[in-house]
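For reference, the structure is listed below as structure tokens.
Please treat every number below as a calculation from the coordinates, not as lab data. Keep in mind that what you see is a predicted model, and the values were worked out from it rather than measured. Counting neighbours? That spans all protein chains shown, and the Cβs are built from the backbone with ideal geometry, glycine included.
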Amino acid sequence: MSSEEKKLWKIQIPVLATGSEIEAVTDALGRALCPDDDHAGSCPVPWFIVVTDGDSLDRQERLDLEELLHTPDDHGPGEGG
């Protein structure tokens, strides 16, 4: 058991995917955060997922995220770039 105090975190993961792929991604994240769907009470790690279609973002935010996903570097897909 860690003595580290819990604090709020925000994890942002831009993803270029189909609707069914994003559903699989969110399902996997949910299982990672709460592996027991049938537990009693609240999750030990409180969480929720918000999925936003890129078309609903403002133009500049969408362009910034697309640039992050398409920036050429030494990393391939799934490796942070």
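Not counting the cut sites, what is the longest span of the chain without trypsin sites (Lys or Arg not before Pro) that DSSP labels loop and that have at most 12 other Cβ atoms within 10 Å? In short, 11-81. Between the Cα long axis of helix 19-33 and the first principal axis of the chain there is an angle of about 30°, rounded to the nearest 10. To the nearest ten degrees, helix 59-70 and the longest principal axis of the Cα atoms of the chain are 90 degrees apart. FRET efficiency for the pair Asp38 and Ile11, taken as 1/(1 + (r/R0)^6) with r the Cβ-Cβ distance and R0 = 30 Å, rounds to 0.75.
Exposed loop sites were defined as GluC sites (Glu not before Pro) in DSSP loop states (anything but H, G, I, E or B) carrying at most 12 other C-beta atoms within 10 Å; in the chain the longest segment without such a site runs 6-78.
What shape does the chain take by its C-alpha gyration tensor, where a ≥ b ≥ c are the square roots of the eigenvalues and a/c under 1.5 counts as rounded, a/b above b/c as prolate, and the rest as oblate?
Values: a/c = 2.05, a/b = 1.75, b/c = 1.17.
Here the chain falls in the prolate category.
Counting Lys and Arg as +1 and Asp and Glu as -1 over every other residue whose Cβ lies under 13 Å from the Cβ of Gln60, the net charge comes to -3.
How large is the dipole of the chain about the Cα centre if only Lys and Arg carry +1 and Asp and Glu carry -1, each at its Cβ, rounded to the nearest 20 debye?
Details: 6 positive and 18 negative charges, 67 e Å.
Using Cβ point charges on Lys, Arg, Asp and Glu, the chain gives about 320 debye.
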